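Take a look at the structure below.
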Ligand SMILES: Cc1cc2nc3c(=O)[nH]c(=O)nc-3n(C[C@H](O)[C@H](O)[C@H](O)COP(=O)(O)OP(=O)(O)OC[C@H]3O[C@@H](n4cnc5c(N)ncnc54)[C@H](O)[C@@H]3O)c2cc1C
């Protein structure tokens, strides 16, 4: 570590690796958190900040799964769309839930300060672009976000989107000036080190094999130690397994893969004139420029684990499809992680039975939602704050175990296929509109030229005899059948 008082983010990560300890002795704590991802570490940080003794048990290493491999975009909201959220819980509860998701994002911003997490490099603004021509819905959505959900947004018309992102794939856009992005990995290790600083103990290589949550003091068993705790927080996401099998089966694991390109020089600026994150409204692509002129891109998904390297070609093709001007770009690194998708699209946050809590199912949008979960659960445990009950309408719905994963794969394919088809139709409609516009312009021009060439008819001078028009021959009476001729 350097001589200076604030360690750099790399130093924090190295220190975290060095500080890696396995739990090999029995322990008694107020709160035991299972899982050291974004959710578990935020719960630990908040509980320790509020004065509880905390132990985090991580089966592998900090950030081993999705939390250590996300793209660092922090936006308000959930995986479930706003309209569906309102339909499910009504406008008032939807507003409260949305406000919590905004607070979650602001909590991340509050932690991601240079003095707390050096090198975190925060940048502002995110753009959500539409794959289909949904201009008619844009105004309604903007009004809803701004007026009902108090979120600062700006609507971008197709021209502005296409001046900023040189592709015909996207139509309208919604710009979120208060959304931001950060270095996701640095944030995660920053959280771990902040939690340690306030007294939380983090044990890695310590898988929890069983939890007995029946008594006042819960019993937690690991291969080499036992713990007792007044509260247990299940933050193991899709890898939780044996300690809470029924809970685990309510999550559909979805592996998402991402890559970063080599430096692309000026040609990147020619096609992407936006420094924040861009994501499409169907959740297919998510990208941003990093380190000045490299492109970081997340796209393909599977419902079983595969080597991320296998997806380098797919991401290359995706980039070329969206930005043909970039051609085939060279990929330097690929990675992936499994997110937990719930059947209803909302995270699982709350108390399952006295002293047994859950924080999982954050899907693709885990930074703001896991931060919100950490705050709600810590305050629920230590202050008796019951705001977590806003999530009660979203029960634990069985995601179908192994067969659900296969079905999820096909549903995912169908969803992506139908969004791709909708995008194709929208572009086709646009081409037709352009062609029709050109045709009409050609007809108008032809009419104009014809009008210019036509002999000019002047009105006759006053008193001049009017031209005699040829008269039609007098009408003959209709011939009837049988008449001569
Ligand atoms: C490629 C990619 C890009 C993403 N980009 C973004 C983004 O830009 N913005 C955003 O908001 N979200 C993003 N996400 C989503 C986000 O990463 C996740 O929603 C979030 O990380 C989930 O955090 P978690 O703590 O619930 O789960 P995890 O990260 O899976 O952490 C759970 C931990 O629990 C441990 N564990 C499980 N079972 C046990 C056990 N029995 N005993 C001990 N430990 C156990 C696991 O080992 C794991 O480390 C992205 C995800 C991916 C994959």
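Values computed for the structure shown
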item: Pick from the range 140-154, criterion in contact with a strand residue (DSSP E or B) (Cβ under 6 Å, 6 or more places away or on another chain) and not in a helix (DSSP H, G or I), ranking: nearest to residue 97 (Cα to Cα); result: 152
item: Only listed residue being surrounded by 21 or more Cβ atoms within 10 Å (Cβ to Cβ) and either assigned to a strand (DSSP E or B) or outside the structural domain of residue 62 (by TED's automatic domain parsing) (or both), chosen from 312, 259, 244, 305; result: 259
item: Residue list for the range 175-195, filter: more than 16 Å from the ligand (Cβ to nearest atom) and buried (at least 20 other Cβ atoms within 10 Å of the Cβ); result: 175, 193
item: Among the residues listed as 92, 128, 58, 115, the single one being touching a residue at least 24 places away in the same chain (Cβ under 8 Å) and exposed (fewer than 15 other Cβ atoms within 10 Å of the Cβ); result: 115
item: Verdict on residue 52 being away from the ligand (no atom under 15 Å from the Cβ), in contact with a strand residue (DSSP E or B) (Cβ under 9 Å, 6 or more places away or on another chain) and at pLDDT 90 or above; result: yes
item: Residues of the range 335-363 satisfying the condition of being near the ligand (Cβ under 10 Å from one of its atoms) and surrounded by fewer than 19 Cβ atoms within 10 Å (Cβ to Cβ); result: 335
item: Sole exception among (1) more than 7 Å from the ligand (Cβ to nearest atom); (2) part of a loop (DSSP other than H, G, I, E, B); (3) modelled with pLDDT under 95 for residue 76, by number; result: (3)
item: Residue that is outside any strand (DSSP E or B), crowded, with 17+ Cβ neighbours inside 10 Å and within 13 Å of the ligand (Cβ to nearest atom), where the choices are 250, 206; result: 206
item: Qualifying positions in the range 219-228 - closer than 22 Å to residue 349 by Cα and within 14 Å of the ligand (Cβ to nearest atom); result: 220
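The values are calculated or read from the model by the stated rules, or taken from the named source; none is laboratory data. The shown structure was predicted, so the numbers you read here are calculated from the model rather than taken from an experiment. All Cβ positions, glycine included, derive from the backbone under ideal geometry; neighbour counts span all protein chains shown.
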